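Okay, structure first, notes after.
The values are calculated or read from the model by the stated rules, or taken from the named source; none is laboratory data. Fair warning: this is a prediction, and the values are worked out from it, not measured in the lab. With ideal geometry, Cβ positions are generated from the backbone for all residues, glycine too; neighbour counts draw on all protein chains shown. Ligands, DNA and RNA are stripped out before the accessible areas are found, and what is left, the full protein with its side chains, is counted by its heavy atoms. Shrake-Rupley method; radii C 1.70, N 1.55, O 1.52, S 1.80 Å.
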Amino acid sequence: MEFLSDLQAQFSTAYELLAAGWGVQLLWGIAWTLAVTVVSMLIGAILGSLVAAAKLSPRGGLKFIGESYTTVFRGEPELLIIYLFYYGGTQVLTGVARSTGSIGSTDILNMPSFLGGVLAVGIISGAYQAEVFRGSFLAIHRGELEAARAYGMSAWLRFRLVIVPQVLRLAVPGLGNVWQLTIKDSALISVTGVAELMLTANKAARSTHHSLLFYTVAGILYLVMTSVSTPIFEKAERYTSRSFTRPK
Amino acid sequence: MSANVAAAAKATPPPEDKSAISVRDMRKCFGDHEVLKGISLEAHKGDVISILGSSGSGKSTMLRCINLLETPDSGEVRVDGELIRMKQGRDGRQMPADIRQVERIRANLAMVFQSFNLWSHMTVLENLVAAPTHVLKRPRAECLEQAEILLKRVGIWERRNYYPPHMSGGQQQRAAIARALAMNPKVMLFDEPTSALDPELVGEVLRVMRSLAEEGRTMLVVTHEMGFARDVSSKVMFLHKGEVDSVGEPKEMFARPPTPQFKQFIANFNK
């Protein structure tokens with residue numbers, strides 16, 4: 001009985017804490033986490049497709065650049081890349097600003113935390129997306145590309161009408177995977193001070209001394225985000241591969 | 001090259017305005033292997049030329065060199081009298097001098113492939129209007145109207161909104177022929193159009209091809225269909241080990257094979 005009343009007390013404390021403002025803060029945290037993830041995915045999509053194109057290029061130089069990109073950014077710890085971009089970026093910005101005289105010689109120009117964070121996560125996401133895009137391109141039936149050439153399509157038309165739609169179809173399952181990775185990586189940019197879910201949970205845990213409560217709640221919220229995205233990607237997959245599934 | 005071919009080439013220099021495709025001394029190597037050893041070919045408007053040869057004789061490569069899906073190492077290709085301009089690449093190999101010219105000429109040489117190669121993410125109708133609207137820049141409404149007429153003609157109009165993977169091989173190949181027709185091409189290139197089909201589906205594709213021949217289309221057909229070569233085509237060309245072994249009028253060629261190689265080739269088919 002004592003255990004039950006204890007548990008009840010725990011729940012009412014949790015309720016009070018969440019109602020007292022931490023709940024709203026956590027919701028804002030989710031919003032920032034999603035913002036970071038979406039922007040990083042977009043940065044990653046642009047970088048990823050360029051890197052995939054470089055890796056597929058017959059030119060040795062471009063191929064080397066593409067290979068190096070994926071090797072480095074998949075091979076380094078994410079946290080290191082984030083520190084590099086945030087603190088390293090601050091150092092570079094400060095150096096440039098000081099030398100042009102736009103700030104005083106003792107002032108510091110900080111890397112904007114959101115920008116530094118999404119650049120770092122986006123670059124990492126790009127390395128994984130590049131592999132997804134490259135594999136998808138290689139899976140396109142060669143004959144269809146050849147038909148596009150044989151019908152007089154320019155390189156741009158072949159890209160727009162045949163390559164992009166087919167790469168997207170083949171890439172959706174892989175991109176779903178990268179999206180999950182990117183949601184999780186977004187937690188790391190709490191170190192730059194973006195008030196996303198991880199940082200908010202951290203703050204709440206430290207200032208209320210209810211670590212167990214807040215980290216559990218944050219954990220559940222991450223799980224909700226990743227599991228809600230699964231059916232969305234499945235739906236996208238069904239739509240993009242409709243030409244290969246039997247009609248009803 | 002047999003005397004037969006040399007004589008044919010000398011005797012009838014084609015009047016320039018009637019030539020649809022003219023190939024002169026085309027050569028092509030893959031690595032050390034010389035696949036085409038100096039092929040020449042004249043196709044006049046309205047010609048239906050069946051190109052025969054055993055596997056590895058270079059017949060598909062020749063066809064693919066005409067629309068530059070493969071780049072010939074040397075030789076000349078003229079389409080409708082227009083020479084495809086080539087230049088020396090940095091690696092010393094020949095390459096097209098002007099890719100825009102090649103793209104324009106390809107649009108006039110609609111190709112039908114062995115494995116259909118329809119764009120699998122587009123419906124049949126979209127397959128038919130993609131190149132006419134984007135390459136030839138014709139109005140979409142007009143292309144759609146023509147596409148429906150062509151699909152009725154090849155007998156798959158009711159499948160117009162299907163995706164290619166949902167259709168049989170014969171239907172896909174008929175759709176591919178309709179896609180070629182939608183370009184209003186000057187010449188149609190067929191690369192073994194029935195070789196990937198189940199035997200019972202070959203007939204429906206051959207019927208469509210025969211009707212195209214009858215309406216006077218210019219066609220180059222790489223094929224193993226001896227019946228089509230003998231009864232439908234206006235000329236038969238037999239390639240052997242990368243060279244033109246013999247060229248001639250089909251009935252004559254099949255009745256009296258001009259070379260031992262061709263005789264052997266048809267004997268193997270009749271076995």
- prompt: Given a Förster radius of 22 Å and the C-beta distance between residue B:252 and residue B:76 as r, what FRET efficiency does 1/(1 + (r/R0)^6) yield to the nearest 0.05?
  reply: 0.20
query: Taking H as built 1.01 Å from N, whose amide H comes closer than 5 Å to the amide H of residue B:38, not counting residues under 5 places away?
result: B:26, B:27, B:28
message: Are there any residues in region B:92-138 with a reduction of at least 30 Å² in accessible surface when going from the isolated chain to the assembly of protein chains? Probe 1.4 Å, please list them by number.
response: B:103, B:106, B:113, B:117, B:119, B:120, B:121, B:134, B:135
message: Just to be sure I understand: with springs between alpha-carbon atoms less than 10 Å apart, which residue in A:164, A:194, A:38 has the highest mean-square fluctuation in the Gaussian network model of chain A?
response: A:164
Debye intensity ratio I(q)/I(0), log10, chain B, q values 0.08, 0.12, 0.17 Å⁻¹ (C-alpha model): -0.33, -0.75, -1.41
Heavy-atom accessible surface of region A:24-240: percent carbon and sulfur, 1.4 Å: 69 percent
- request: Report Rg/Rh for region A:24-240, rounded to two decimals, where Rg is the Cα radius of gyration and Rh the Kirkwood radius.
  value: 1.06
Solvent-accessible area per residue for region A:24-240 (1.4 angstrom probe, square angstrom): 50 Å²
message: Which one, A:54, A:148, A:187, has the greatest fluctuation when you compute a Gaussian network model over chain A with C-alpha springs under 10 angstrom?
response: A:148
- prompt: Chain pair A, B: how much accessible area is buried, both chains summed, with a 1.4 Å probe, in Å² to 100?
  reply: 2300 Å²
Accessible solvent surface per residue of chain B, calculated while the other protein chains remain in place, 1.4 angstrom probe, Å²: 44 Å²
field: Förster radius 60 Å - calculated FRET efficiency between residue A:228 and residue B:153, Cβ distance, rounded to 0.05
entry: 0.75
- prompt: P(r) of the protein assembly as shown in 20 Å steps, Cα pairs, percent per bin?
  reply: 18, 38, 25, 15, 5, 0
- line: Per DSSP, the loop-located trypsin sites (Lys or Arg not before Pro) within region B:61-154 having at most 16 other beta carbons within 10 Å are B:85, B:90, B:93, B:137
- prompt: How much length is gained on full extension from residue B:214 to residue B:29, taking 0.36 nm per residue of separation minus their Cα-Cα distance?
  reply: 63.0 nm
message: With a cut-off of 8 Å between alpha carbons and a minimum separation of six or more residues, what is the relative contact order of region A:24-240 in percent?
response: 30 percent
- request: Show that you can apply the helix-only estimate: for chain B, add -39,500 (n - 2.57) for every DSSP H stretch of four or more residues, divide by all residues, and state [θ] at 222 nm to the nearest 500.
  value: -11500 deg cm²/dmol
Relative contact order of chain B, pairs being alpha-carbon contacts under 8 Å that are 6 or more residues apart, as %: 26 percent
statement: For region A:1-98, listing chymotrypsin sites (Phe, Trp or Tyr not before Pro) in a DSSP loop whose Cβ sees at most 10 other Cβ atoms within 10 Å gives none
- line: Note: residue A:242 to residue A:97 extended length (0.36 nm per residue) minus current alpha-carbon separation gives 46.9 nm
query: Which aspartates and glutamates does residue B:186 reach when only Cα atoms under 17 Å apart count, and residues fewer than 8 places away in its own chain are ignored?
result: B:16, B:17, B:42, B:47, B:80, B:82, B:103, B:214, B:215
query: Given R₀ = 25 Å, FRET efficiency for residue B:54-residue A:56 by Cβ-Cβ distance, to 0.05?
result: 0.10
- line: Diffing region B:22-32: the Karplus 3J(HN,Hα) column from phi (6.51, -1.76, 1.60, θ = phi - 60°), in whole Hz with x for Gly and Pro, holds 10, 10, 10, 6, 7, 10, 8, 10, 10, x, 7
